[in-house]
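The numbers here are math on the coordinates, done by the rules we state, and not lab data. What you see is a predicted model; the values in this text were computed from it and never measured. Every residue, glycine as well, gets a Cβ built from its backbone with ideal geometry; the counts of neighbours run over all protein chains shown.
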Amino acid sequence: MRRIDLNADTGEADRPDWLAVETAVMAQITSANIACGGHAGNKESMARTVKLAAQHQINIGAHPAYPDRQNFGRQTLVLGEDISTKDLKQTLMIQITTLCEIAATQGQAVNYVKAHGALYNDAVFDQTKAMLIAETVADLDNTLWLMGAPDSYLTQAAKDCGLNFIAEGFVDRRYTDDGHLQSRNEVGAVLESQKDREDQAIALLEEKPVQTAQNNPLKLSVDTLCLHSDSAGADETARRIRQALEKQGAKIGAFTHEQ
């Protein structure tokens, strides 16, 4: 029986209907990537999401981003032009530390870090940014895990910094042939069909190829699967994905436990 983690980006909701979806999603996942102020979220939402994670005994992760709420952290910031290396590292440290402090007030701990949006995507092919993320995490707490794309610069950066790394696959996003997520600016980047999401989750679980945006097979080796709470029908996706994985004989569990 293969063990697999199921994670979701959370703590981002700024509307009652979205919050209801996030709450439903949290009941199905085993790891929660909590927005900590860079692209979304504030101290109130962090505290609320940590409390919900604790109720469901969910693995808690920090989800820092470029400090760009206007673009929801989904636009690349160029080092030396849009933001300095020092300022980017500082904001990441502040974001992660803030969530850690809030979690501690509830007797909870942050166990891992996953960058958000453009910062996550940039770290796949940008060695400088990958090392900046890994070094920031290691400087804060080298027992924290680092989550990211498999076979990326972030994978190597985590190893170089002595961090445990967890390779992630996405059930609701389309990949390109090079293993990058297709740009959200392109049609088809988000899988709209619940069946397509379910099929991709099963393929990733079984380490079978997924279909890329260029209609080619892409094989990825991952140990955690992500869905986005802001994708249409995310609550249904979470329920269906978990059922599908368990039907395939997978044991759903947080990656930081029982390794």
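Taken over the range 151-178, the residue count meeting the criterion of being within 16 Å of the chain's Cα centre (by Cα) and either part of a strand (DSSP E or B) or closer than 21 Å to SER231 by Cβ (or both) is 11. Residue count for the range 178-209 under the criterion of being more than 18 Å from GLY148 (Cα to Cα) and among the small types (Gly, Ala, Ser): the result is 4. Quick check, is LEU132 part of a helix (DSSP H, G or I) and either hydroxyl-bearing (Ser, Thr, Tyr) or closer than 23 Å to ALA158 by Cβ (or both)? Judged against the criteria, LEU132 is a match.
Apart from one condition, VAL187 fits all of (1) more than 25 Å from GLY73 (Cβ to Cβ); (2) free of Cβ contacts under 8 Å to residues at least 40 places away in the same chain; the exception is (1). For the range 28-46, the set of residues classified as surrounded by fewer than 16 Cβ atoms within 10 Å (Cβ to Cβ) and either touching a residue at least 60 places away in the same chain (Cβ under 8 Å) or in a helix (DSSP H, G or I) (or both) consists of LYS43, GLU44, listed by residue number.
What's the total number of residues in the range 100-121 that are assigned to a helix (DSSP H, G or I) and closer than 19 Å to TRP145 by Cα? Of the residues in the range 100-121, 9 are assigned to a helix (DSSP H, G or I) and closer than 19 Å to TRP145 by Cα.
Among the candidates GLY37, GLY11, which residue alone is of a type outside the set (Ser, Thr, Tyr) and under 30 Å from LEU204 (Cα atoms)? Exactly one residue qualifies, and that residue is GLY11.
Check THR91, THR76, THR97 and return the single one that is surrounded by 14 or more Cβ atoms within 10 Å (Cβ to Cβ), part of a helix (DSSP H, G or I) and in contact with a helix residue (DSSP H, G or I) (Cβ under 8 Å, 6 or more places away or on another chain). Checking each option against the conditions leaves just THR97. Condition first: among the hydroxyl-bearing types (Ser, Thr, Tyr) and in contact with a Gly (Cβ under 8 Å, 6 or more places away or on another chain). Now tell me which residues in the range 145-202 satisfy that. The answer is SER152, THR155.
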